[in-house]
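Comments concern the structure below.
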Amino acid sequence: MSRNTRPSIGRVVAWACLIAAVVISLFPLYWMLRTAITPGRELAADNAGLLPDNPTLINFERVLGLVGREEARAAGGSGAELDFFLYLRNSVVYTGLITVVQTLLCAMGGYAFARLRFRGRDALFGLFVAALMVPPIFTLLPNFVLVKELGWLNTYQGLVAPSLLMTPFAVFFLRQFFLGIPREVEQAALIDGAGRWTIFWRVVLPMTKGPLLTLALTTAVWTWNDYLWPLLVAPGEETRVLTAALGIFLRQSPNTSPDWTGLMAGSALSVVPVLLLVVFFGRRLVDSIQFSGMKG
Amino acid sequence: MTAMTLAKSATRARARRRGHGDGRTALGFLAPVFLGFAVFYLYPAVRGAWYSLTDWNLLSEPRFVGLDNYATLVGDPLFWNSLKVTAYYVVLTVGMQILGGLLLAALLHRLTRSLVLRSLLLVPWLVPSVTTALLWMWLLDANLGFFNHLLTAAGLDNQGFLTSPDLALPSVATINAWSGTGYTALLLYAGMLLVPPQIYEAAAIDGTGEVRTFLSVTLPLIRPILAFALVVSLISSFQLFDTVAVTTKGGPVNATRVIYFYIYEQAFTHFKMGYASALALSLVLVLGALTFVQMRLLRASTSDLT
């Protein structure tokens, strides 16, 4: 494969392009951090260099509520507050609950569609596939009404309800993997007298750990990033998730001169969980894209 | 694909032999998923269709108005504008994502197998869209933004990237190209890995250049995955909401009022739930037609490998 043993001009240019792409990918995040450690009062004058003249952590302290309101104002705050740990907890509950419950229940559903035989299976599965094509906003409007009618606005149950039990995508995705498991494995267990439940838990799930983790990661990323639904049904202080909180924080800061240093500190904090995900599951995440790609 | 088909025919054959199904067991496995589907997908779909035939402000009782909402929609310049803006956005952002993704994937494929490099390229895709929007709003700020520093340094005038009617939509498209290109690149890269290395060796022996090899070997062989990446990118682009909601709120002068944002405004700013539902149902039909066409294209575009 090594047809270029010594660096040719083309190869150097190619590497330069690739490195440029990495820089473009990461530079905005660096700039976010750079702004977050700039004193708010100095931003108007000090916003061009690669590092601020007087780096500070005050912006993080004030979005985390570690300093008093007065001190925050003095540091360039708009008076808007970000009760970060509360919103972080809400985001973690929202993401965690949906990821775990949805993945498990959809695994059960996907298995039934892949392996069990029952009346109306293909019709029902067809309905699920059709639902894949429907843009979410169409069901979002009536779902909002439903949550409102149930009196679930600004509650956890209202927040998680629509996607807790299933998404058509998750069922569809896992069914494809269950179809790929050799039947012989299950047959042996069936002959030994094991029931479907035992087979599912003891044989099938352990064999599909990879796809399950892949799906769970994807679901976690999507749910963590979700904005419109949490903003609509749970904007209240007690149930507000991080993304909604950032949006509301922006709205509360004056239009003419947004509190950029505070906003960037909050934004930087909202990225931390994502970076942890990359650190712990980097290979898995990257491979997961390969997986979904193979389906095509 | 073959494994799937085999497994399927095996299911049928076995079921025929046994002569009865697993109805009871299936009920246990499917009950939670079915409950979720019935309550949060089927029921709202029926309700949505019904709302689209009513005049309803969320407070009083819905009043049946027949097809009035659809008549309004056909004559609503803002609806047509939102479709036009959405189409413009989709073309821009999907174009950037696919072209950028292809270039990056080809570079990765020919240069390195580094996992770290691929993870770094994926980072923008993992950043929450609200954070991405805030971050770029700051980078593109008309006064203090980084990009205007670059322009000033180059001796050019400051630009209101998100406040000028001409630049706002391309700016929003660029923001989402930033967040989606790495993901697209990794998808396409995965496709390129499936091409047997011998083909490249043959091309090298023939003395074919890199660009030529890419155009006449790689590109045709990854057609199915390219189509898949296109569909993924198209579908997500049609649902643009977060970036617009945070940065431009549809402005300036409707320049970024995409269909998703328009529906949201009708429902939750103007409380016209009936009209919003009619808009949403129309979007379902438009996307349904598009998906159908895409499916046809997907099926037509089988790789030359198989």
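The values are calculated or read from the model by the stated rules, or taken from the named source; none is laboratory data. Only a predicted model underlies this, so the values are computations on that prediction, with no experimental measurement involved. Note that we place each Cβ from the backbone using ideal geometry, even for glycine, and neighbour counts take in every protein chain shown.
Surrounded by 22 or more Cβ atoms within 10 Å (Cβ to Cβ) and modelled with pLDDT under 95: does that describe residue B:121?
So residue B:121 passes the test.
Can you confirm whether residue B:144 is of a type outside the set (Asp, Glu), without any contact (Cβ under 8 Å) to a residue 60 or more places away in the chain and in contact with a Lys or Arg (Cβ under 7 Å, 6 or more places away or on another chain)?
no
For the condition at the interface with chain A (Cβ under 8 Å from one of its Cβ atoms), more than 30 Å from residue B:174 (Cβ to Cβ), within 30 Å of the chain's Cα centre (by Cα) and modelled with pLDDT under 95, what is the one hit in B:108, B:73, B:30?
B:30
In segment B:45-91, how many residues are of a type in the set (S, T, N, Q) and farther than 18 Å from residue B:265 by Cα?
So the count comes out to 1.
How about segment A:146-180: which of its residues are of a type in the set (Gly, Ala, Ser) and modelled with pLDDT of 90 or more?
If the condition is that a residue be of a type in the set (Gly, Ala, Ser) and modelled with pLDDT of 90 or more, then A:151, A:158, A:161, A:163, A:170 are the ones that fit.
Give B:172, B:211, B:217 a once-over and let me know the one that is touching a helix residue (DSSP H, G or I) at 6+ places or on another chain (Cβ under 8 Å), of a type in the set (A, V, I, L, M) and free of Cβ contacts under 8 Å to residues at least 40 places away in the same chain.
None of the others qualify; the one that does is B:217.
Could you tell me which residue of segment B:231-252 is nearest to the other protein chains (Cβ to nearest Cβ), considering only residues that are under 23 Å from residue B:138 (Cβ atoms) and not in a helix (DSSP H, G or I)?
Among them, the one singled out is B:241.
Just to be sure, is residue B:116 farther than 30 Å from residue B:53 by Cα, touching a residue at least 60 places away in the same chain (Cβ under 8 Å) and of a type in the set (A, V, I, L, M, F, W, C)?
The answer is no for residue B:116.
Which residue, of A:201, A:152, is of a type outside the set (A, V, I, L, M) and more than 30 Å from residue A:276 (Cα to Cα)?
A:152
Could you check, for segment B:185-202, whether at least one of its residues is closer than 22 Å to residue B:85 by Cα, more than 8 Å from chain A (Cβ to nearest Cβ) and more than 19 Å from the chain's Cα centre (by Cα)?
Checked segment B:185-202: no residue is closer than 22 Å to residue B:85 by Cα, more than 8 Å from chain A (Cβ to nearest Cβ) and more than 19 Å from the chain's Cα centre (by Cα).
Quick grid of which residues meet (1) among the hydrophobic types (A, V, I, L, M, F, W, C); (2) closer than 27 Å to residue B:238 by Cβ:
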{"residue": "B:152", "(1), (2)": "no, no"}
{"residue": "B:176", "(1), (2)": "no, yes"}
{"residue": "B:194", "(1), (2)": "yes, no"}
{"residue": "B:201", "(1), (2)": "no, no"}
{"residue": "B:211", "(1), (2)": "yes, no"}
{"residue": "B:218", "(1), (2)": "no, no"}
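Which of the helices (runs of 4 or more DSSP H) found entirely inside segment A:185-296 contain at least 2 residues meeting this: at pLDDT 90 or above, farther than 30 Å from residue A:141 by Cβ and within 10 Å of chain B (Cβ to nearest Cβ)?
A:260-295
Just to be sure I understand, how many residues within segment B:263-294 are touching a Leu at 6+ places or on another chain (Cβ under 7 Å), more than 9 Å from chain A (Cβ to nearest Cβ) and among the β-branched types (Val, Ile, Thr)?
Total meeting the criteria: 0.
Considering only segment B:271-284, I want to know if a residue exists there that is under 30 Å from residue B:187 (Cα atoms), crowded, with 23+ Cβ neighbours inside 10 Å and β-branched (Val, Ile, Thr).
No, because not a single residue in segment B:271-284 is under 30 Å from residue B:187 (Cα atoms), crowded, with 23+ Cβ neighbours inside 10 Å and β-branched (Val, Ile, Thr).
Suppose we keep only residues that are within 17 Å of residue B:281 (Cα to Cα), touching a residue at least 60 places away in the same chain (Cβ under 8 Å) and not hydrophobic (A, V, I, L, M, F, W, C) within segment B:53-80. Which one would you say is surrounded by the most Cβ atoms within 10 Å (Cβ to Cβ)?
In this case the residue turns out to be B:69.
Of the residues in segment B:140-161, how many are buried (at least 23 other Cβ atoms within 10 Å of the Cβ) and within 12 Å of chain A (Cβ to nearest Cβ)?
The qualifying residues number 2.
If you scan segment A:129-144, which residues turn out to be among the hydrophobic types (A, V, I, L, M, F, W, C) and either part of a helix (DSSP H, G or I) or surrounded by 22 or more Cβ atoms within 10 Å (Cβ to Cβ) (or both)?
Selection gives A:129, A:130, A:131, A:132, A:137, A:138, A:140, A:141, A:144.
Please go through (1) facing chain A (nearest Cβ under 7 Å); (2) surrounded by fewer than 18 Cβ atoms within 10 Å (Cβ to Cβ) for residue B:164 and return the number of the only condition it doesn't satisfy.
Evaluating residue B:164 over (1) facing chain A (nearest Cβ under 7 Å); (2) surrounded by fewer than 18 Cβ atoms within 10 Å (Cβ to Cβ) leaves (1) as the failure.
What's the total number of residues in segment A:148-177 that are more than 8 Å from chain B (Cβ to nearest Cβ) and within 30 Å of residue B:290 (Cβ to Cβ)?
8
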